[in-house]
Structure formats: C-alpha cells, structure tokens
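Shown next, in structure tokens, is the structure this report addresses.
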Amino acid sequence: MPSRLLVATANPGKLRELRSLLAGLAFEVLGQRELGIVSPEETGETFLANALLKARHAQRLTGLAVLADDSGLEVDALDGAPGVFSARYAGPSASDADNNAKLCAALAGVPASRRTARYRCVLVYLPEPPAEAPIVAEGVWEGSIVDEPRGEGGFGYDPHFLVKGREECAAQLHPGEKDRISHRGIALRALRERLGRDAVG
C-alpha cells in the first residue's frame, strides 16, 4: 500500500500542480483540506521559513509525512516584492485579480526592460516521525511582467508572467508544459533527486 503524503497547502491551484508533479511516485497524496487542517499564519520572513512552518504544523496535527510549498513572485523593479506576501499582496483576503491589479499599478510607467521578475518556490519534505532533518529544494522560473493579461490557465500572477525566452505568459501554457518548466516543477525534480530514486518509488 502506498505511503500517505500530506501536501500542506490550502491553495487548490498549488495542490493540483503538486498532485500532477507527484504522479507515479509511491505515495497516496492527500490535501490538507481533506483532513480538516487549517493553515497556520505565515509569519516567516522567507519562503523557507514559511514552508517549514506549514510542514511542521501539518505534521504535528497528523503524524504523516508532509510536503509543504511556499512560493511567490519577485519583481526586480519593486525590490523583490511581492515576495513572501505574494498571496496577500493586496490584503489578507485578496483575490488573484486584486493582487494582479495592485502589481500592475505598482509597475505603472516602468518600461518593459525593467520589468524582470521570477517565480521562486521552496519545497520542504518532512518524513514520517520520528522526523529526520527536513529535505529542502528550491526552483526559480525567470520572466517579466506584462500589463495585459494573457491566457485562462494557471493561477496567481500567471496571466501577467511572461516566460523568459518565449511569447507566452504562464497562463497560456498547457499544464504539462508548465509542470515541466515552472519553479514548482524544477523544485520537485530537485527534491526527488535529494530523496533518491529508491525513496520515492
């Protein structure tokens, strides 16, 4: 029987992407909402701190192996903002549309050459207790920000994130293509390498 792995996120878009990226591994993947877990307040100052906070919170409540993600958008012209505040850039209960509107307003008048940005993802894997040291992996996806949204897929800032070296925004990519080249896909492949092939199926 596959080992159970709890993905510690309340974001349905992240859970969908991580389920896809974890396909084929020897895990039964569970979302935290399935177990009635409420996310802790994200008080960390870095993606790693928040990922560790979420992973340890979920494991304390369930005793399961846990995979936690913290990720966001870093815009160079905004000194790395929204960063760890990406999901709540326009306020604690902000929608994707609210956050994107604030982002575009903050970049008003900034030329295309200075709109470079990246998505950053930090993944933390905690094995079942007695827990060993967490295994950490990171992925970075370079691009830039455009004012006019493009595409209907993805979530978050994807309609405004123009992928470096391509003509498409992240929201225009086929889900499988996005999984292959995104920050989350890069991070999960790095995590699988750190775990070792035999450890994950």
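No lab work stands behind these numbers, since they all come straight from the coordinates. Only a predicted model underlies this, so the values are computations on that prediction, with no experimental measurement involved. Heads up, the Cβs are rebuilt from the backbone with ideal geometry, glycines too, and the neighbour counts pull from every protein chain shown.
Tell me, what HN-Hα J-couplings in whole Hz come from the Karplus equation 6.51 cos²θ - 1.76 cosθ + 1.60 at θ = phi - 60° for each residue of segment 175-182, using x for Gly and Pro?
Karplus values, whole Hz, x for Gly and Pro: x, x, 5, 4, 4, 6, 10, 6.
Take the chain, mark every one of the trypsin sites (Lys or Arg not before Pro) that falls in a DSSP loop and has at most 13 other Cβ within 10 Å, then report the longest stretch left between them, sites excluded.
With a cap of 13 other Cβ atoms within 10 Å, the longest stretch comes to 1-163.
Restricting to DSSP loop positions (anything but H, G, I, E, B) with no more than 14 other Cβ atoms inside 10 Å of their own Cβ, which GluC sites (Glu not before Pro) remain in segment 40-117?
41, 45
Under a point spin-label approximation (7 Å from Cα along Cα-to-Cβ), what is the residue 41-residue 150 distance to one decimal in nm?
4.0
Please list, in order along segment 34-41, the HN-Hα scalar couplings obtained from phi with the Karplus expression 6.51 cos²θ - 1.76 cosθ + 1.60 (θ = phi - 60°), rounded to whole Hz, x for Gly and Pro.
4, 9, x, 8, 9, 5, x, 5
Report, by chain and number, residues whose modeled amide H sits under 5 Å from the one on residue 65, excluding near sequence neighbours (fewer than 5 apart, same chain).
Amide H neighbours of residue 65: 6, 128.
Arrange the following residues from fewest to most other Cβ atoms within 10 Å of their Cβ: 183, 174, 57.
Working: 183 24, 174 10, 57 19.
In increasing order of surrounding Cβ atoms, one gets 174, 57, 183.
Obtain the nm distance between the two label points defined at residue 195 and residue 101 by a simple spin-label model: each point lies 7 Å from its Cα along the Cα-to-C-beta direction.
A separation of 4.0 nm, rounded to one decimal place.
Rounded to two decimals, what is Rg over Rh for the chain when you use alpha-carbon atoms and the Kirkwood radius? It would help to have the intermediate numbers written out before the result.
Values: Rg = 16.8 Å, Rh = 17.3 Å.
Value, to two decimals: 0.97.
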